[in-house]
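These notes concern the structure reproduced below.
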Amino acid sequence: MAERTTLDQGWIEWTRLNIKRDCDKEGILEILLDENFDVKSIREAMGDDFPEHSELLKKLFAEHKNLRAETAKELNLEPADKRESVTFVKRALAKLNPRNSVVERRSYLGRAEFLEQYYAANRPVILTGLMDDWPALTKWTPDYLKKTCGSMSVEIQSRRNSTPDFEIVVDPLRREVHFDDYVDLVYKPGETNDYYMTARNGFFQRKGANKLLNDLGGFPEYLDMNAGGEWMFMWFGPQGTITPLHHDELNIFLAQVVGRKRVKLIPPDELDLVYNHFAVYSQVDAENPDFKRFPKYKNATVMEVDLLPGEVLFLPAGWWHHVRSLDPSVSLSYTNFVFPNNYNWVHPHPNGGAAKSNNGYGDSKAVAESKQSTKSASELKSESNSKTAADSKEEVVRKIDHRALNDLPAKRLRHKYHAQPVDTNGKVQLLLIENLLTDEECDEFASLLNDKNMRPSTVTSYKEGYRTSSSSDFTLDESEFVRKIDLKLATALGINLSHTEGVQAQKYKVGQEFKPHTDYFQPDTEEYEDHCLDRGNRTWTVMVYLQDTPKGGGTRFTKLNQTFYPKKGRALAWNNLTKDGLPNANTMHWGMPVQEGEKLILTKWFRERGSGEMFI
């Protein structure tokens, strides 16, 4: 058996998103095992949803008995080398000092004392009294903020609840809104983590934001207020916003202007306890730790403080922290210390190994944004998609890498499912896959089709009589089996479910057909306006034959002069667009009339846009 590997960040995200969508847990496990990932990392990614008593595991353990011992082994806290031994000794000694288990509050510190006892000692501290004369503490009400900067456009993160990795995969969450609209969102009653204006959104680099600078003071005892570059950042969000457990690469001042924040801190020498899986991020939910997945975290030293308006928290480089807003909150963070504040880091990378980072606040966040093991070769960039005047806001959408969309699914189908490319003289990316679904899967899906759930098939732009079959649409909440098949078809192409439509089954009786047509929606038409404004055009089509058809019922690509006949489990997959993202008229195909028996097929369409990453 080939050596199994650990799930990278892209597959971890894929796993969690599909669990969130309530996909079949056995189906998820089957796909991950088929990808040759080790059981331990699959269990960590799936958490409580891991099917411990799966027949797949029993079979795997029976074939490879050493796996059971490896996956059942207790995680211990013994040092692995001399350097780790020193760390463990220092950690044990630190626990003897009561000062090391609390974050002190100091009313004033001179520069020398701050440097000696906290900055150079890498110890957090809360400084009070430094902001007492700041007008912002009393002036920054919702009405004042809207009156002062309401007309400017700002960037926020929205739909953060759509992915558990909202701090890592940020591009799909970027959104432009008017500041006054955002202020109203922040001060709506209730808690939410679905939108947040964070440091990486460049508030003070935008025209108009300087109007608020007159309301702020400075910290000349500790900071170089004339430093060049970007060194002051704004955090503005509603009650309930969360920054998950992570560490920063630089020393940070976090100044609380409005509202309260609860901060949990863990010393940097407890790295082995926080499950640092990528860049500066931990896998542990610090508010609700899953000790089954992360047993070492029980031993972590967690200090908790409530940061109040007018207080400044010194966050030393490398200290792990989790932050929750207890009220609608405005915070400012600074990196422009008068002391050296530039360090080289080596971080874990989702594909194994390590990635280096240095220079500037949140550099590892930038690495996280650019890493995208799930991205294609070309970077996915953001572009503004104008909304109606009534919306008075713009939403950032991702540029589609159509060249990668043309190549990557085909490569995966060839590698994983032994798909055979069809020779089309370069006109269409078309593949033939035998046994994409098993006989049992075909039979079970065919059994779901009956007169109660079948309806006359519809078309968007063709005349009556063009399509005479019957159809049935299946959604993810249909059944565990449907979710499993839906997930299997999406994963076969390496594309996340959010970039797909639900599966559709079609039944053709004798004489029924679907005259020559294409699956894409033609731009600049009414059907395109109706179907493509949010999700983009159809990209790939996967069509699976659920049974043999005795005679007729072929699928003929009319411009390619090629015909394929129904065979149980056989699938056709083709890209409806060109490498440039334009509709490919060469994909014109004809569901030919059935001459004997019935034709049952399962079809799944893929889309240009969805939530999160397109590729696994």
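The values are calculated or read from the model by the stated rules, or taken from the named source; none is laboratory data. Just so it is clear, the model here is predicted, and its values are computed rather than measured. Methodologically, a virtual Cβ is constructed for each residue, glycine included, from the backbone with ideal geometry; neighbour enumeration extends over all protein chains shown. For the accessible areas, the whole protein counts, side chains as well, though only heavy atoms, and no ligand, DNA or RNA atoms are used. Shrake-Rupley method; radii C 1.70, N 1.55, O 1.52, S 1.80 Å.
Worth pointing out:
- Shape call, the stretch 265-328: gyration tensor on alpha carbons, a/c limit 1.5: prolate
- For the chain, size of Cβ-based charge dipole, Lys and Arg +1, Asp and Glu -1, in debye: 700 debye
- 3J(HN,Hα) along the stretch 491-506, derived from phi through the Karplus expression 6.51 cos²θ - 1.76 cosθ + 1.60 where θ = phi - 60°, amounts to 5, 4, 9, x, 10, 5, 4, 5, 9, 9, 9, x, 6, 10, 9, 10 Hz, with x in place of Gly and Pro.
- Probing with 1.4 Å while keeping every protein chain in the model, the per residue accessible area of the chain equals 44 Å².
- Max-minus-min Cα coordinates of the stretch 490-529 on each principal axis give 37, 30, 13 Å, with the largest extent listed first.
- P(r) tail fraction, the chain - alpha-carbon pairs more than 38 Å apart, %: 43 percent
- At the residue level, His347 shows approximately 10 square angstrom of accessible surface with a 1.4 angstrom probe and all protein chains present.
- As a length-normalised measure over Cα pairs under 8 Å and 6 or more apart, the relative contact order of the chain settles at 13 percent.
- In Å², nearest 10: area of Tyr187 left accessible to a 1.4 Å probe: 70 Å²
- Coupling constants for the stretch 241-251 follow from the phi torsions by the Karplus curve (6.51 cos²θ - 1.76 cosθ + 1.60, θ = phi - 60°), and in residue order they are 5, 10, 10, x, 4, 6, 10, 9, 8, 10, 6 Hz; glycine and proline get x.
- Euclidean distance between Cα centres, the stretch 205-255 to the stretch 566-610, Å: 53 Å
- For Val125, the residues 5 or more places off, or on other chains, whose built amide H falls under 5 Å of its own are Phe314.
- Using the rule -39500 (n - 2.57) for each DSSP H run of four or more residues, divided by the residues of the chain, the 222 nm mean residue ellipticity is -6500 deg cm²/dmol.
- Under 5 Å from the amide H of Leu223 lie the amide H atoms of Val338, each residue being 5 or more positions distant or on a separate chain, with H modelled from the backbone and absent for Pro and chain starts.
- For the stretch 249-295, alpha-carbon Rg and Dmax in angstrom: 13.2, 38
- Charges were assigned to the Cβ only: +1 to each Lys and Arg, -1 to each Asp and Glu. The resulting dipole of the stretch 145-222 about its Cα centre is roughly 280 debye.
- Gyration tensor (alpha-carbon) shape descriptor, the stretch 396-438, a/c threshold 1.5: oblate
- Summing charges over all other residues whose Cβ lies under 13 Å from the Cβ of Glu287, with Lys and Arg as +1 and Asp and Glu as -1, gives -1.
- Nitroxide proxy distance, nm - points 7 Å out along Cα→Cβ at Asp327 and Thr558: 6.9 nm
- By accessible area with a 1.4 Å probe, ligands and nucleic acids excluded, highest first: order of Lys207, Lys261, Lys416: Lys207, Lys416, Lys261
- Around the amide H of Ile252, modelled in the peptide plane, lie the amide H atoms of Leu315, Ala317, all under 5 Å away and 5 or more residues distant in sequence or on another chain.
- Tensor-based shape of the stretch 478-616 (alpha-carbon gyration tensor, a/c under 1.5 rounded, otherwise prolate or oblate): oblate
- Accessible surface of the chain, 1.4 Å probe, proportion on carbon and sulfur as whole %: 48 percent
- Basic side chains Lys and Arg get +1 at the Cβ, acidic Asp and Glu get -1 at the Cβ, and with that the dipole of the stretch 184-299 about its Cα centre reaches some 340 debye.
- Farthest toward the positive end of the dipole of the stretch 501-584, out of Gln562, Pro583, Thr525, is the Cα of Gln562, where the dipole comes from beta carbon charges about the Cα centre.
- Here the Karplus curve 6.51 cos²θ - 1.76 cosθ + 1.60, taken at θ = phi - 60°, turns the phi angles of the stretch 427-441 into couplings of 7, 9, 7, 10, 10, 10, 10, 8, 6, 5, 10, 6, 4, 5, 5 Hz, with x standing for Gly and Pro.
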